[in-house]
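Enquirer: Got a structure here, written out as structure tokens. Questions coming.
The values are calculated or read from the model by the stated rules, or taken from the named source; none is laboratory data. Predicted, not measured: the structure shown is a model, and the values here were computed from it. Here the Cβ positions follow ideal geometry from the backbone for every residue, glycine too, while neighbour counts run over all protein chains shown.
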Amino acid sequence: MWKLHQEEAGGIIGDEMGLGKTVQASSFIGVLAASRKLKSVLIISPATMLQHWLNELAVWAPGLRRIVIHQSGE
């Protein structure tokens, strides 16, 4: 992830379910935020993963301001 970031390229973490993609991304976001190399991040996920993302960001990027925008399908 760091190499892609240095090259200003995007990437996809394509691991199977349960292998820690959210933790990897959250910790990387935390490192970038701590080094002040982060302006903003947009995370799009299924509603069922919302609380999981918030929990992991609280652990790995505790100083990061989080804004949740959620709309039901109804």
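Enquirer: Note down all Cβ pairs under 9 Å where the first residue falls in segment 32-53 and is more than 16 Å from residue 8 (Cα to Cα) and in a helix (DSSP H, G or I), the second is at pLDDT 85 or above and basic (Lys, Arg), and they're at least six residues apart or on different chains.
Expert: Partner pairs satisfying both residue conditions: 53/66.
Enquirer: In segment 54-73, which residue that is among the aliphatic types (A, V, I, L, M) and in a helix (DSSP H, G or I) is nearest to the chain's Cα centre (by Cα)?
Expert: At the first step, the residues of segment 54-73 found to be among the aliphatic types (A, V, I, L, M) are 54, 57-59, 61, 64, 67-69.
Of the ones still in play, those that are also in a helix (DSSP H, G or I) are 54, 57-59.
On the way: 54: 9, 57: 7, 58: 11, 59: 12 Å.
Ranking the candidates gives 57 first.
Enquirer: Let me ask another. Could you please give the count of residues in segment 17-31 that are in a helix (DSSP H, G or I) and either of a type outside the set (Lys, Arg) or touching a strand residue (DSSP E or B) at 6+ places or on another chain (Cβ under 8 Å) (or both)? Talk me through it step by step, then tell me what you get.
Expert: Keep residues of segment 17-31 that are in a helix (DSSP H, G or I), which gives 21-31.
From what is left, the residues that are either of a type outside the set (Lys, Arg) or touching a strand residue (DSSP E or B) at 6+ places or on another chain (Cβ under 8 Å) (or both) are 22-31.
Of the residues in segment 17-31, 10 are in a helix (DSSP H, G or I) and either of a type outside the set (Lys, Arg) or touching a strand residue (DSSP E or B) at 6+ places or on another chain (Cβ under 8 Å) (or both).
Enquirer: Any idea which residue in segment 15-74 is farthest from residue 4 (Cα to Cα), counting only those that are in contact with a Gly (Cβ under 9 Å, 6 or more places away or on another chain) and surrounded by fewer than 16 Cβ atoms within 10 Å (Cβ to Cβ)?
Expert: Among those residues, the one meeting the criterion is 47.
Enquirer: Answer with yes or no whether residue 35 is among the hydroxyl-bearing types (Ser, Thr, Tyr) and under 13 Å from the mean Cα position of the chain (by Cα). Steps first, please.
Expert: Working: among the hydroxyl-bearing types (Ser, Thr, Tyr): yes; under 13 Å from the mean Cα position of the chain (by Cα): no.
No; evaluated as a whole, the condition is false for this residue.
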